[in-house]
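These notes are about the structure you will find just below.
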Amino acid sequence: MRGLGRYGAWLHPLDGDAARIEYAVEAEDLGYGTVWLGLGQRDESDLRLAERVLDATRHVVVGTAIVNMWTNDPATLARSYRRLEARHPGRFLLGAGVGHPESIAGYRSPYQRMESFLDTLDAGGVPGDRRVLAALGPRALRLAGARAAGSHPYLTVPAHTRTARRLLGPGPLLAPEQTVVVDPDPVEARRRGRAFVGDPYLRLSNYVNNLLRHGYDETDIVDGGSDRLIDTLIPHGTPDTVAAALAAHLAAGADHVAVQVLPAPGEGPMPGLRALAHRLDSIVV
């Protein structure tokens, strides 16, 4: 899929929908090519939040990150996609995934669920190049390359990006999310990063297993994550240092990086996104 730009702004659901619409408008003005809307497990089958963001902006691509395949109805999503496409042609990207067994009652046969979900989207007229999968493991990544535009993985490191590019091949989209802390104090930045990943992410088997496949061991997972894990999983430092860490995903084979800023208490993500926008190389391509 074209038009995402090299960098996007990933906006967390805890910020609230009204605030995220305002953030999306500013992110577009700053030059971010895509706004990614974190959704968690909520039912967003009507895609009303995405529509509100599209209505409030001019040209930025809006992606869901992600609609959960257990809590959203694919037939309804397909109808909603057609509505958004008619209203804002070429500006919406449907990101979908199966989530985690620890958080979904009735979680079973996730690969079969992905296939049946995609079958329904096909029948409902959602083109393959207008959707991405939150794919981490090899089997899901191959499915993302075969039946979607590509993959939008969450909570990964550049080593995973290299592996994902090899499995996807040169054509499909690879757009990892990367959480960062724009703060030069390593003690404060690690504290913030550790609090973010320790619960729930390091308690979710899909994420833990993915990290264990890419250079980490059990000692890196306990107690909220080792310093070496936190430093790579949640890059931190000055805007220049963080920008270099984001560019490492591009060097590893990503087409686009979705930037999630982990703010200081009482702040939103925009101060960090503003600081980074002036350091990111060719923020829109």
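Which value, in debye to the nearest 20, gives the size of the charge dipole of the stretch 192-285 about its Cα centre, when Lys and Arg are +1 and Asp and Glu are -1 at the Cβ?
It comes to approximately 200 debye.
What number, in percent, do you get for the relative contact order of the stretch 128-194 if the mean sequence gap of Cα pairs under 8 Å and at least 6 apart is divided by its residue count?
This gives 28 percent for the stretch 128-194.
Quick check: pseudo-label points 7 Å beyond the Cα along Cα→Cβ at A159 and A123, how many nm apart are they?
A separation of 4.2 nm, rounded to one decimal place.
Taking the chain as a Gaussian network, Cα atoms linked when under 10 Å apart, which of P235, P186, P263 shows the biggest mean-square fluctuation?
Answer for the Gaussian network model of the chain: P186.
Non-local amide H neighbours of R131 (under 5 Å, H modeled in plane, Pro and chain starts lacking H): which ones?
L94, A149
Per 0.36 nm of contour for each residue apart, how much would the distance between R203 and R48 grow if the chain were fully extended, relative to their Cα-Cα spacing?
Numbers: separation 155, 0.36 × 155 = 55.80 nm, distance 3.10 nm.
The R203-R48 span can extend by a further 52.7 nm.
Run the quick spin-label model on D281 and L212: label points 7 Å from Cα toward the beta carbon, then report their separation in nm to one decimal.
Computed distance between label sites D281 and L212 equals 3.6 nm.
Which whole-Hz ³J(HN,Hα) couplings does the stretch 22-38 yield from phi under the Karplus relation 6.51 cos²θ - 1.76 cosθ + 1.60, θ = phi - 60°, glycine and proline marked x?
Values, residue by residue: 5, 4, 4, 4, 5, 4, 4, 5, 6, x, 5, x, 9, 10, 9, 9, x Hz.
What is the local net charge at A9, summed over the other residues whose Cβ is closer than 13 Å to its Cβ (Lys, Arg +1; Asp, Glu -1)?
Details: positive: R6, R20, R274; negative: D15, E22, E26, E28, D29, E177.
Every neighbour counted, the sum reads -3.
Per residue of the stretch 176-186, what does 6.51 cos²θ - 1.76 cosθ + 1.60 with θ = phi - 60° give for ³J(HN,Hα)? Whole Hz please, x for Gly and Pro, Karplus curve as stated.
For the stretch 176-186, the Karplus curve yields x, 7, 9, 7, 9, 10, 8, 7, x, 7, x Hz.
How large is the charge dipole for the stretch 127-238, taken about the Cα centre, if only the Cβ atoms of Lys, Arg (+1) and Asp, Glu (-1) carry charge, to the nearest 20 debye? List each step's numbers first, then the result.
Working: 15 positive and 12 negative charges, 150 e Å.
With Lys and Arg at +1 and Asp and Glu at -1, about 720 debye.
Are there trypsin sites (Lys or Arg not before Pro) in the stretch 61-123 that DSSP marks as loop and that have at most 11 other Cβ atoms within 10 Å, and which are they?
R108
Scan around H88 for amide H atoms under 5 Å from its own, H built in the peptide plane at 1.01 Å from N, and keep only partners 5 or more places away or cross-chain.
Those qualifying (amide H under 5 Å, at least 5 residues apart or on another chain) number zero.
Tell me the label-point distance for the pair R113, E188, using the 7 Å Cα-to-Cβ offset, in nm and rounded to one decimal.
About 4.0 nm separates the two model spin labels.
About the Cα centre, and with charges only on the beta carbon of Lys, Arg (+1) and Asp, Glu (-1), how big is the dipole of the chain? Nearest 20 debye, please.
On the way: 31 positive and 33 negative charges, 184 e Å.
My answer is approximately 880 debye.
In percent, how large is the relative contact order of the stretch 1-48, given Cα pairs closer than 8 Å and 6 or more residues apart?
That works out to 49 percent.
Between E26 and T241, 0.36 nm times their residue separation minus their Cα-Cα distance comes to what?
Values: separation 215, 0.36 × 215 = 77.40 nm, distance 2.29 nm.
Value of the extension gain: 75.1 nm.
From the backbone phi of the stretch 232-238, what are the Karplus-calculated ³J(HN,Hα) couplings (6.51 cos²θ - 1.76 cosθ + 1.60, θ = phi - 60°) in whole Hz, Gly and Pro given as x?
8, 6, 10, x, 8, x, 5
No value in this document is a laboratory result; all are computed from the given coordinates. Predicted, not measured: the structure shown is a model, and the values here were computed from it. Counting neighbours? That spans all protein chains shown, and the Cβs are built from the backbone with ideal geometry, glycine included.
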